[in-house]
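Reading through the structure tokens given below for one structure.
None of the figures in this text is laboratory data; all of them are computed from the coordinates on show. Everything numeric here is computed off the predicted structure, so don't read it as measured data. Cβ placement follows ideal geometry from the backbone for every residue including glycine, while neighbour counts extend to all protein chains displayed.
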Amino acid sequence: MELWVLFGTFVVLLLIGTPVAFCLGVSSFATIAYLGLPPVVVFQRMNSGVSVFALMAIPFFIFAGDLMVRGDIARRLVALAGALVGHLRGGLGQVNILASVMFGGVSGSAAADASAVGGLMVPQMKERGYDVDYAVNITVVGSIIALMIPPSHNMIIYSISAGGKISIADLFTAGIIPGAVLALSLMVAAYFVAKSRGYPTEPFPGGRAMLGLLANAVPGLVLVAIIFGGVRSGIFTASESSNIAVVYAMFVTFFVYRSLSWADFVAATMAAVRTTAMVLMVIGCAGAFGWLLAYTRVPASMVMMLKGISDNPIVILLLMNLVLLVLGTFMDMSPLIVITTPIFLPVAVAFGVDPVHFGVILVLNLGIGLCTPPVGAVLFVGCAVGKIPIWQAMRTIWPFYGAAFATLMLVTYIPQLSLWLPAQFH
Amino acid sequence: AGACETTLKSSDTHPDGYPTVEAVKAMSKSLEERTDGRLCIEIFHSAQLGEEKDTIEQTQFGAIDLNRVSLGPFNNIIEETQIPSLPYIFRSVEHMHTVMDGPIGQEILDAFAEHDLIGLGFYDGGSRSFYNKEKPIKSMEDLKGMKFRVMQSDMFVDMVSALGANATPLPYGEVYSSIQTGVIDGAENNWPSYDTSGHFEVAKYYTLDQHLIVPEVLVMSKKSWDKLSPEDQVAVKAAARDSVPVMRELWVAQEKKSEEKVRAAGSEIITDIDKTPFIEAMKPVYEKYVTSEKLKDMVARIQATE
Amino acid sequence: MISVARVTSVMARVSLWVSGAGLVLMTVLIACQVFWRYVLNDSISWTEPGSVMIMGWFIFLGAAVGIREGYHLSFDILLHVVSHRVKLMLHTTSDIVVIAFGAGMVVYGTQLAINAAPNVLPSLGISGAFDFMPIVAGGVLVVLFSIERIARRMAGMPTARFGETEIED
Ligand code: NA
Ligand code: NA
């Protein structure tokens, strides 16, 4: 019965348009009251849920990403990507994907990627005669890459949701090859769509020009090395690395590029405050929700239920992926990570799946959810950038969904894609 | 736990199978027998309900009934709990058992009552010693200038400083790679943690100085306690007492297993150290933390206990 | 109503500036921590708990402002299919529920603060009550800004929603 109160209140509030954070908080409040437990627990869990040092990486990575977009670092990375793959079939589409790989190396946000890379690429693609839906489709699905390539604050949210015992360095490393596989499969899809639509290619700019663009992009690329190298070597914690990313981005944009004005700085700060307050409020309230899930033994019942359906890990993983995909169409990523990790991770572990591997599956799966209606933050950003209605993007996005889904299946059933690289560092 | 009338909910941050978790399971069995099935215990292990600081508050507010916690989070709340947390206060594990099983231990348990908690009994937390990747530490001279990770606690930081080393509070999960990369030289912990954390792979010199032999405590929420009949209260106390020897036996076995594994992996265990200068170096630490007459008296009585 | 909106607007702006300053201060503190540890070879133990506390302030203040500015994530499928009148009623219901939660933040946040008040926070040396002050302050603003939303709606003024309207003051 208490589960009906918990999930019932949550769903009803969600449907009437209450902000997700408060749906989680209020349904926990109602359930605690129903169980006759002291309601103070809800607010204590909310507070402890966000009083975690490792969470500090989220405001910092978001802040750093914002500074880089406003301070020109992103544009230079896109220019370099243009020189590298513009001459392939599908030209600017391929550039768009590679730019997401590069931008993904400095930012962990798919929405930031869609607005930064999309904001630069979609107008260029329009101008060069590409259909807008093609440009938007690639921008949207390509931005999932930023979630997989480190840094990825969603991996940090996962690690914390799992009790803080999964190494963030391992999760970061584990995302690299799946991110590359996703980029490759999207490039293949972009190639075939471009071929059937007869899109042009870009001229190869030549070695000299390429060196110039590379030199221009070096400060951005150095940041990639700092973030990954710092976390991987254990010299810095993820929070410290993200802090260095902020300081470095300020330094480069203020003093090297001189591209960031005081007004830009204030705008970036305020944008970062808004985004992180929103994300972390969800995480805090999910802390209360998660406590009730544990208290009412939902994860244990879920393990029992799934064990009743099948004892084959292949089937179980497929089931979990489908459930997550469905949830992902309706809800945003960070609340889903915090809600589903305590439920699904014990199931995955009970079926012999490595927690690091499961984290990669989860982030990729929910990343796809960001690109699907009705609730898809990245899809909205992409359509806003391209100024097209969602249905127009939806008509032709299927090859790219297909590529992302194929990658999800590969990542799910070939654990080595995720686990081989971290193992090389042990 | 299944068919009993009232199920008490108990929290533990340790994983299933850990000696404290198994001890509370044993307590549940004993409690069920003693109350003819009126009471039993359901355990939420692995910090499912939160970290210790949080579950203590939940216990105080009556959201959970029982809680197995370290003394550390109580140090700033209940001054008596600082005493067993003092470095080198116990000469050995046996000394600690004698003190905590006796009147001093009872005094500390009684101090919880003022904070809406009932102290039921003490479990072992093992004895913590230094390990590092550089050299075998045999004297204070060897510790000079080395960097050790300690838990986030003012007293442990002061303890390491008083020994002439540098204390670096780091999250536990970062310790392995920080030793590997030389950000710190080592850390300190008990046998099982030295083993299961894998730290022995990167820090092979383990000096058994036993600077901390801090017991852990099992507490009950005063709110839940007050709901019990007097006879059930007696049963709870007795069942908790029954679980202590179970815990100690499992702990010794676990320590032995870890020691064998770590030795086989090539760790060098240093036992021949003269602890006297270490103990003498603690004077400023004791002066800073043992302030009231009550605490000073307690320290003197512990030191006088054979 | 318009003059009230002006007051709440100032409150929202101040909260946002405090939060922004908190983010910058956090950046500076952690940068110092890194600098001290790796360059000066010395550890500062209070920067970490200090920044975590600052983070609490900017999350709960920022989340409260988010109610006024409508930047919280929400789900509005149902809202698209119902009539305008029903939609406004649902908005008001939702605001009332949020008010209840905000009141909970104030009441139970205070209870937690009182319970923790005698404790001293490690490394910071201040009362444990400080841990819970952001919840109380955030709760007060959550209640205020939600009441403002309902009042605005009654006065026929727009309220902001995620992905929809932006408000002017
Ligand atoms: Na990334
Ligand atoms: Na979606």
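Structure above, values below:
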| item | result |
| --- | --- |
| Estimated inter-spin distance, residue C:120 and residue B:161, nm [label 7 Å along Cα→Cβ] | 1.3 nm |
| Mean separation of Cα contacts under 8 Å, 6 or more apart, over the residue count of the range C:2-154: relative contact order % | 28 percent |
| Kirkwood hydrodynamic radius over Cα pairs of the range A:151-274, then Stokes diffusion coefficient at 4 °C and 1.567 mPa s, in µm²/s | 73 µm²/s |
| Rg/Rg_globular for the range B:198-255, with Rg_globular taken as 2.2 N^0.38 Å and Rg from C-alpha atoms | 1.76 |
| For the protein assembly as shown, convex hull volume per residue from C-alpha positions, Å³ | 170 Å³ |
| Too-long pairs where the Cα-Cα distance tops 18 Å, listed order kept, from B:147/B:204; B:222/B:294; A:165/B:256 | B:222/B:294; A:165/B:256 |
| Where Rh is the Kirkwood radius over Cα pairs, Rg/Rh for the range C:1-157 | 1.10 |
| Rel. contact order, % - alpha carbon contacts under 8 angstrom, at least six apart, chain A | 26 percent |
| Measure of compaction for chain B (Cα Rg per 2.2 N^0.38 Å) | 1.02 |
| Isolated Cys residues of the protein assembly as shown, judged by Cβ distance under 4.7 Å to other cysteines | A:23, A:285, A:371, A:383, C:32 |
| The protein assembly as shown: calculated mean residue ellipticity at 222 nm from DSSP helix runs of at least 4, using -39500 (n - 2.57) | -21500 deg cm²/dmol |
| Residue with peak Gaussian network fluctuation, chain C [Cα springs, cutoff 10 Å], from C:26, C:53, C:89 | C:89 |
| Label-zone membership for the range B:22-64, site residue B:5, 7 angstrom Cα→C-beta point, backbone N under 20 Å | B:28-42 |
| Most mobile of B:212, B:228, B:39 in a GNM of chain B (Cα contacts under 10 Å) | B:228 |
| For the range A:71-211, alpha-carbon Rg over 2.2 N^0.38 Å | 1.09 |
| Crossing angle, helix B:230-264 versus chain B [Cα axis fit, 0-90 degrees, rounded to tens] | 30 degrees |
| Label-point separation in nm, residue A:323 to residue B:237, each point 7 Å along Cα→Cβ | 4.6 nm |
| Degrees, to the nearest 10: B:52-61 long Cα axis against longest axis of chain B | 20 degrees |
| Per-residue HN-Hα couplings for the range B:215-221 [Karplus 6.51, -1.76, 1.60; θ = phi - 60°; Hz; x = Gly/Pro] | x, 10, 10, 9, 10, 10, 5 |
| Cα pair distances of the range C:21-100 binned at 5 Å [whole percent] | 3, 12, 15, 14, 11, 8, 8, 8, 7, 5, 4, 3, 1, 0 |
| Two-site FRET efficiency, residue A:201 against residue A:330, from Cβ-Cβ distance with R₀ of 51 Å, rounded to 0.05 | 0.85 |
| Computed Kirkwood radius, in angstrom, where 1/r is averaged over Cα pairs of the range B:69-157 | 15.1 Å |
| Paired Rg and Dmax values of the range A:293-332, which use every Cα atom, in angstrom | 11.7, 30 |
| With Cα atoms, 0 to 90° folded angle of helix A:73-85 axis to chain A main axis | 60 degrees |
| Candidate aspartates and glutamates for bridging to residue B:135, where Cα separation is under 20 Å - those fewer than 8 sequence places away on the same chain excluded | B:185, B:188, B:195, B:201, B:209, B:259, B:268, B:272, B:274 |
| Modelled label reach - residue B:16, point 7 Å along Cα→Cβ, the range A:348-365 residues with backbone N closer than 15 Å | A:348-353 |
| Contact order normalised by residue count of the range A:1-46, Cα under 8 Å, 6+ apart, percent | 39 percent |
| Dmax and Rg, reported as Rg then Dmax, of chain A (C-alpha, Å) | 21.3, 73 |
| 10 Å Cβ neighbours from other chains, averaged over peptide B:55-65 | 5 |
| Alpha-carbon centroids, the range A:100-148 and the range A:272-313: separation in whole Å | 31 Å |
| Kirkwood hydrodynamic radius of the range A:1-83, from inverse mean 1/r over distinct Cα pairs, in Å | 16.0 Å |
| At 1.306 mPa s and 10 °C, Stokes D of the range B:221-288 from Kirkwood alpha-carbon radius, µm² per second | 94 µm²/s |
| Of C:69, C:148, C:48, the one that fluctuates the most in a GNM where chain C has Cα springs shorter than 10 Å | C:48 |
| Gap separating the Cα centres of the range B:183-204 and the range B:105-128, nearest whole Å | 28 Å |
| Most to least packed among A:89-96, C:56-63 [average Cβ atoms within 10 Å] | C:56-63, A:89-96 |
| Nitroxide proxy distance, nm - points 7 Å out along Cα→Cβ at residue A:33 and residue B:303 | 5.7 nm |
| FRET efficiency, 1/(1 + (r/R0)^6) with R0 45 Å, evaluated for residue C:18 and residue A:297 via beta carbons | 0.65 |
| Calculated SAXS-style log₁₀ I(q)/I(0) at q = 0.11, 0.19, 0.20 Å⁻¹ - the range B:156-231, Debye, Cα scatterers | -0.44, -0.87, -0.95 |
| Overall form of the range B:1-63 per C-alpha gyration tensor (a/c, 1.5; a/b vs b/c) | oblate |
